[in-house]
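A.B. asks: Structure provided below as structure tokens; questions to follow.
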Amino acid sequence: MTTTFPMSASPPKPRPGLHEASRREKLAKIAEMGIDPWGGRFDDRTPIGDIRAMANQVAYHLEDGTKLPIPPEVGQPDFSLKEWKAQQGQGELVGPRVRAAGRIVLQRRTGKLIFVNLRDWTGEIQLFIGKKQVGESDFELAKLFDLGDLIGVDGMLAYTNTGELTIFAEKLHFHAKSLQPPPEKHHGLHDAELRQRLRYLDLFYTEGVLERFRKRTRIVQSIRRTLDNQGYCEVEGPTLHAIAGGAAARPFITHHNALDLDLYMRIALELHLKRLLVGGMERVYELGRVYRNEGISPRHNPEFTMLEVYQAYGDYRTMMELTEQILVDAIEALGGQYQIPWGESTIDFTPPFARRTYDELLAEHAQVDPSDPVAVSTVARSLGFEPEGKHPDVVKNFVFEEHVEDRLKGPIFVIDYPASICPLTRRKRDNPAIAERFELFIEGMEIANAYTELNDPDLQEELFRTQLAGLPEEESMAKMDHDFIRALQHGMPPAGGLGIGIDRLVMLLTGARSIREVILFPLLRPETPRPGGSGTSATSEGGAERVDVQEEQKPPSS
RNA sequence: GAGGGCGUAGCUCAGUCGGUAGAGCAACGGACUUUUAAUCCGUAGGUCCUGGGUUCGAGUCCCAGCGCUCUCACCA
């Protein structure tokens with residue numbers, strides 16, 4: 001052990017926390033009792049949520065053999081179970097025998113009696129640990145419990161006099177010692193930085209966090225199920241790209257040593273999925289991580305999860321139906337609540353979602369005639385945008401982004417985009433000025449983006465070139481993907497393509513206002529241990545730990 | 001990348017006008033066999049993010065840096 005116990009005249013050296021010292025002391029005592037403080041396999045336990053559901057099996061057994069059910073008002077403040085029992089006559093509460101395991105989140109010690117609140121990921125329940133009931137040895141063990149310890153219990157489910165559903169312990173087990181104190185017991189972790197850096201504590205102790213991430217899992221499972229049921233094939237494309245294509249974003253650069261080759265982390269899934277369309281995968285999708293070397297904000301994390309779907313012989317309308325199906329199924333998977341609270345307001349996901357044209361929305365929200373370029377320019381100028389020399393559709397799109405997008409509470413499909421602002425999209429056959437594209441907006445956020453994909457290799461190559469020519473210096477790392485053009489030259493079926501930002505969808509479906517609430521480990525600057533060993537609460541905790549390890553390892557190795 | 005806010009005990013937070021660093025929880029010692037944020041008595045716990053500066057004196061004022069956060073920009 002590297003820790004020293006506090007002594008009367010100890011020098012003002014930085015010492016390990018008092019909490020850790022006392023916890024290590026208890027750890028040693030548990031080991032001395034012949035109990036492995038790090039536990040082991042523990043079969044046949046019942047999740048605490050299920051145990052709570054067994055409350056109706058608890059009964060009051062009178063001496064004459066009659067078994068009375070517990071009144072339903074048990075646990076309510078104005079109901080005394082003690083009085084009720086006295087009225088019924090002599091007897092005892094009998095309930096099912098159960099085995100539970102979990103973390104100690106609350107403890108109340110009253111002499112020869114200890115109450116413990118035990119929590120697992122299904123719920124929380126109180127344990128009654130009486131010296132007489134569990135015996136000397138187990139009671140000594142219970143006295144060594146700290147908040148945060150992982151323990152197990154065998155006992156009988158019943159009620160205390162105050163009507164609290166309780167496991168009356170008969171046998172205790174020890175599974176792991178918590179050497180660090182948990183967060184404050186009724187405020188939890190509030191510091192946003194600590195919540196992200198110590199996500200394990202945030203998950204366990206902050207209300208709703210674990211539940212939100214389990215919802216994320218259910219949403220992702222549901223999306224896969226929807227696609228799989230429609231015959232889509234899930235694939236895993238490469239994340240290391242020689243050419244970062246498929247989107248306009250700055251990539252992360254990495255390096256392969258053996259090949260002495262700079263590579264890019266992928267910024268999109270698109271180009272490889274389309275190669276698979278050429279290869280005959282007629283319905284294909286990938287649900288995976290992409291990486292963009294851009295700013296960080298409540299809506300942006302450098303790595304995030306995208307879904308991209310392609311269907312041969314489909315178009316953007318096919319993808320619109322699919323998008324709605326994906327969302328509806330996800331909501332069903334979360335329990336079918338179509339009205340989801342979002343800040344002060346509520347999002348109504350009841351299908352069908354509204355479908356409105358770009359121009360209609362422009363007229364409605366920006367109060368401008370979209371067919372009148374002069375009027376549109378006037379509005380753009382009033383927003384501080386200089387329309388001179390710009391393509392009329394670019395000016396129009398500026399007004400759309402400024403005036404319309406934020407007001408699209410949705411869910412709403414925006415259709416009929418001007419073709420000139422989406423160069424990589426097929427145009428309408430009867431109106432080449434309009435692109436076959438939709439975007440799904442919810443609460444001003446772009447959630448989905450879909451196209452009728454371009455499969456003309458010559459046109460694609462030409463558009464690539466004009467796009468590359470217009471890029472600023474720092475994005476010139478983008479390159480022409482000749483192999484992708486070659487793939488198209490072999491014939492890609494006409495197809496509908498769809499992209500959905502999974503993190504943002506999860507935000508909306510779980511009411512999270514920041515993307516960092518739906519990403520388990522969002523990117524943070526690394527903690528920097530200070531030379532003095534102490535610093536902010538976060539760094540001192542991590543830093544001290546590392547120092548201890550090094551000190552422990554040095555003597556044996558030298 | 002630009003601007004604003006924040007950083008005090010393990011955690012949650014006070015700290016007045018610049019004048020010896022505070023509380024609750026957690027910890028340690030003691031009392032208590034039906035408690036519910038248990039209660040009661042006692043004890044210990046601090047590089048006030050870091051580094052400069054102003055001042056007789058800085059947690060407090062000024063400058064720089066670090067971290068987080070909000071708004072904006074880029075972007076999905």
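A.B. asks: Can you tell me which aspartates and glutamates have their Cα less than 12 Å from the Cα of A:K428? Leave out same-chain residues fewer than eight positions away.
C.D. replies: Once the sequence-local aspartates and glutamates are set aside, what remains near A:K428 is A:D315, A:D416, A:E436, A:E453.
A.B. asks: Apply the a/c threshold of 1.5 to the C-alpha gyration tensor of chain A and tell me whether it is rounded, prolate or oblate. Numbers along the way, then the final one.
C.D. replies: Working: a/c = 2.57, a/b = 1.81, b/c = 1.42.
Judged from the Cα gyration tensor, chain A comes out prolate (a/c at least 1.5, a/b above b/c).
A.B. asks: If a/c stays under 1.5 just call it rounded; otherwise compare a/b with b/c (prolate if a/b is bigger, oblate if not). Do that for the range A:271-351, with a ≥ b ≥ c from the square roots of the Cα gyration tensor eigenvalues.
C.D. replies: Since a/c reaches 1.5 but b/c is at least a/b, the shape of the range A:271-351 is classed as oblate.
A.B. asks: Follow-up. Quick check: the angle from helix A:537-557's long axis to the longest principal axis of chain A, C-alpha only, nearest 10 degrees?
C.D. replies: Once rounded, one gets 70 degrees.
A.B. asks: Using a cut-off of 14 Å between beta-carbons, work out the net charge of the residues near A:P392 (Lys and Arg +1, Asp and Glu -1, A:P392 not included). Please list the in-between numbers first.
C.D. replies: Working: positive: A:R381, A:K390, A:K396; negative: A:D359, A:D369, A:D372, A:E386, A:E388, A:D393.
Net of charged neighbours comes to -3.
A.B. asks: Once you sort the root eigenvalues of the Cα gyration tensor of the range A:199-352 as a ≥ b ≥ c, which label holds: rounded (a/c under 1.5), prolate (a/b larger than b/c) or oblate (the other case)? Mind showing how you got there, number by number?
C.D. replies: Values: a/c = 2.13, a/b = 1.24, b/c = 1.72.
Taking the square roots of the gyration eigenvalues as a ≥ b ≥ c, the range A:199-352 is oblate.
A.B. asks: Then there's this: Please list, or write none, the lysines whose alpha carbon is within less than 24 Å of the alpha carbon of A:K479, excluding same-chain residues fewer than 8 places away.
C.D. replies: A:K274
A.B. asks: Hey, what did the range A:237-373 get for relative contact order, percent, Cα under 8 Å, at least 6 apart?
C.D. replies: On the way: 168 pairs, mean separation 20.5, N = 137.
Reported relative contact order: 15 percent.
A.B. asks: Also, quick follow-up: Counting DSSP beta bridges with both partners in the range A:122-247, what percentage is antiparallel, nearest 5?
C.D. replies: On the way: 10 of 13 bridges.
Once the DSSP bridges in the range A:122-247 are tallied, antiparallel ones form about 75 percent.
A.B. asks: Post the alpha-carbon centroid distance, the range A:238-304 to the range A:145-170, in whole angstrom.
C.D. replies: Between the Cα centres of the range A:238-304 and the range A:145-170 lies a distance of 51 Å.
A.B. asks: Can you compute the helix-only [θ] at 222 nm over chain A? Use -39500 (n - 2.57) per DSSP H run of at least 4 residues, normalise by all residues, nearest 500 deg cm²/dmol. Walk me through the numbers on the way to the answer.
C.D. replies: On the way: 16 runs with 180 residues, N = 558.
Theoretical 222 nm ellipticity from helices: -10000 deg cm²/dmol.
A.B. asks: Please compute the contact order of chain A in relative form: average sequence separation of alpha-carbon pairs under 8 Å and at least six residues apart, divided by the residue count, as a percent.
C.D. replies: Numbers: 973 pairs, mean separation 62.9, N = 558.
The value is 11 percent.
A.B. asks: Then there's this: What length, rounded to one decimal in nm, is gained on full extension from A:W84 through to A:K131, with 0.36 nm per residue of separation minus their alpha-carbon distance? Let's see the in-between values first.
C.D. replies: Values: separation 47, 0.36 × 47 = 16.92 nm, distance 2.62 nm.
Gain on stretching A:W84 to A:K131: 14.3 nm.
A.B. asks: Right, next: What GluC sites (Glu not before Pro) does the range A:171-260 have in DSSP loop regions with at most 10 other beta carbons within 10 Å?
C.D. replies: Numbers: sites: A:E184, A:E193, A:E207, A:E211, A:E234, A:E236; in loops: A:E184, A:E207, A:E236.
Filter output for the range A:171-260: A:E184, A:E207, A:E236.
A.B. asks: Reachable lysines from A:K171, Cα under 28 Å, same-chain residues fewer than 8 places away excluded?
C.D. replies: Correct list for A:K171: A:K26, A:K29, A:K67, A:K82, A:K85, A:K112, A:K131, A:K132, A:K143, A:K185.
A.B. asks: Turning to a different aspect of this structure: DSSP beta bridges in the range A:330-426, what fraction antiparallel, as a percent rounded to 5? Each step should come with its number before you reach the end.
C.D. replies: Working: 4 of 8 bridges.
Bridges in the range A:330-426 that DSSP calls antiparallel: roughly 50 percent.
A.B. asks: Please give the net charge around A:E446, taking every other residue with its beta carbon less than 13 angstrom from that of A:E446, where Lys and Arg add +1 and Asp and Glu add -1. Display every interim value, and only then the final one.
C.D. replies: On the way: positive: A:R299, A:R437, A:R504; negative: A:E401, A:E405, A:D406, A:E439, A:E443, A:D503.
So the environment of A:E446 carries a net charge of -3.
A.B. asks: Now for a separate question. At a threshold of 8 angstrom on Cα-Cα distance, excluding pairs fewer than six apart, so keeping six or more, what relative contact order does the range A:63-129 reach in percent?
C.D. replies: Details: 55 pairs, mean separation 11.9, N = 67.
About 18 percent, as a whole number.
We did not get these values from a lab; they are worked out from the coordinates using the rules stated. Given the structure is predicted, the values throughout are model-derived calculations rather than measurements. Cβ coordinates were reconstructed from backbone atoms using ideal geometry, including for glycine residues, and neighbour counts include every protein chain displayed.
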